[in-house]
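The values are calculated or read from the model by the stated rules, or taken from the named source; none is laboratory data. Treat the numbers as computed from the prediction; the structure is a model and nothing was measured. As a convention, Cβ positions derive from the backbone with ideal geometry for all residues, glycine included, and neighbour counts pool all protein chains shown.
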């Protein structure tokens, strides 16, 4: 099969594209003939990690979509030919989605509802599962106020849509007009430019009793403003760690009985993962999810796709598989 892969960690120039053996499914696994893969920040972050590689070669890519073309022992052969979206493909496994085929446990190949394009399905995994966990790990949000920081990013965009579907009043922060349009199109009831001097006051005006849940993309720089708008017993769910340290003002948060959660999608419990997959697929089938704008790359330009995501490309970066 044709695949992008690397045999050592480093900058994007360690990525090669060549023919490698096509993997076969083992017990409880399926093989997916991929049509499109999505690129996430976790892909380049994993590639540049200081940890040694666990496998002789690593195909990157957690998310993608295609058709099951083989099943391992213990999997219903009737699944062959099923259109599926794939998540966590490269997590502790060598066969990521930047390839013509990947092999995953059967539960990680999720049937795609009729009428849904593969592009949209391919982009669900990491962003939507992360967003679901941040929103719902502490229970229902119906009637609550949710603040989504970075509302035009992949996780932020997903969180807005899932929060609106969950019955929340949604406030989103963004950095400019183009991103404000993306957040509003996703369904945010109030969109605030966090660069405005009066951003905190705008959030307070939109949530007079305070914000119940915050889906936080940048905890360190946003912690002061989060503390200023959080409601008693509120939850701040931080899912990104680009800045490794944050200074907590303990007393203000303690006085409000605030919970600060750190959310890593790969560590979600099996129950939370299963609920996320079910609810995301239901939302997709109901027409409650809309895709971000797309930038496409061919498989041969996988390194460029990684660089685009690392550089902060607006929208979703996809790789087309030949």
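Table: residues versus (1) modelled with pLDDT of 95 or more; (2) over 18 Å from residue 4 (Cβ atoms); (3) over 15 Å from the mean Cα position of the chain (by Cα); (4) not assigned by TED's automatic domain parsing to the domain that holds residue 302.
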residue: 64; (1), (2), (3), (4): yes, no, no, no
residue: 70; (1), (2), (3), (4): yes, yes, yes, no
residue: 81; (1), (2), (3), (4): yes, yes, yes, no
residue: 90; (1), (2), (3), (4): yes, no, no, no
residue: 95; (1), (2), (3), (4): yes, no, yes, no
residue: 99; (1), (2), (3), (4): yes, no, yes, no
residue: 102; (1), (2), (3), (4): yes, no, yes, no
residue: 110; (1), (2), (3), (4): yes, yes, yes, no
residue: 118; (1), (2), (3), (4): yes, yes, yes, no
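Restricting attention to region 142-153 and to residues that are over 14 Å from residue 184 (Cβ atoms) and in contact with a strand residue (DSSP E or B) (Cβ under 6 Å, 6 or more places away or on another chain), the residue that is surrounded by the most Cβ atoms within 10 Å (Cβ to Cβ) turns out to be 147. Determine whether residue 164 is assigned to a strand (DSSP E or B) and touching a strand residue (DSSP E or B) at 6+ places or on another chain (Cβ under 9 Å). Judged against the criteria, residue 164 is not a match. Looking at (1) out of contact with any helix residue (DSSP H, G or I) (no Cβ under 8 Å at 6 or more places or on another chain); (2) part of a loop (DSSP other than H, G, I, E, B); (3) touching a residue at least 60 places away in the same chain (Cβ under 8 Å), which is the one condition that is false for residue 33? Of the numbered conditions (1) out of contact with any helix residue (DSSP H, G or I) (no Cβ under 8 Å at 6 or more places or on another chain); (2) part of a loop (DSSP other than H, G, I, E, B); (3) touching a residue at least 60 places away in the same chain (Cβ under 8 Å), the odd one out for residue 33 is (2). Whether a residue is surrounded by 13 or more Cβ atoms within 10 Å (Cβ to Cβ), touching a residue at least 60 places away in the same chain (Cβ under 8 Å) and farther than 22 Å from residue 320 by Cβ was assessed, and residue 66 does not pass this test.
Yes or no: residue 202 over 16 Å from the mean Cα position of the chain (by Cα) and either at positive phi or not in a loop (DSSP other than H, G, I, E, B) (or both)? So residue 202 fits the description; yes.
Just one residue in the set 289, 273 is at pLDDT 95 or above and assigned to a helix (DSSP H, G or I); that residue is 273. For region 304-314, the tally of residues that are in contact with a strand residue (DSSP E or B) (Cβ under 8 Å, 6 or more places away or on another chain) and in contact (Cβ under 8 Å) with a residue 24 or more places away in the chain stands at 5. Just one of the listed residues (75, 104) is assigned to a strand (DSSP E or B) and touching a residue at least 40 places away in the same chain (Cβ under 8 Å), and it is 104.
Okay, residues lined up against (1) outside any helix (DSSP H, G or I); (2) within 21 Å of residue 317 (Cα to Cα):
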site	(1), (2)
140	yes, no
158	no, yes
178	no, yes
234	yes, no
240	yes, yes
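Against the list (1) in the same structural domain as residue 150 (by TED's automatic domain parsing); (2) touching a helix residue (DSSP H, G or I) at 6+ places or on another chain (Cβ under 8 Å); (3) part of a helix (DSSP H, G or I), the condition residue 261 fails is (3).
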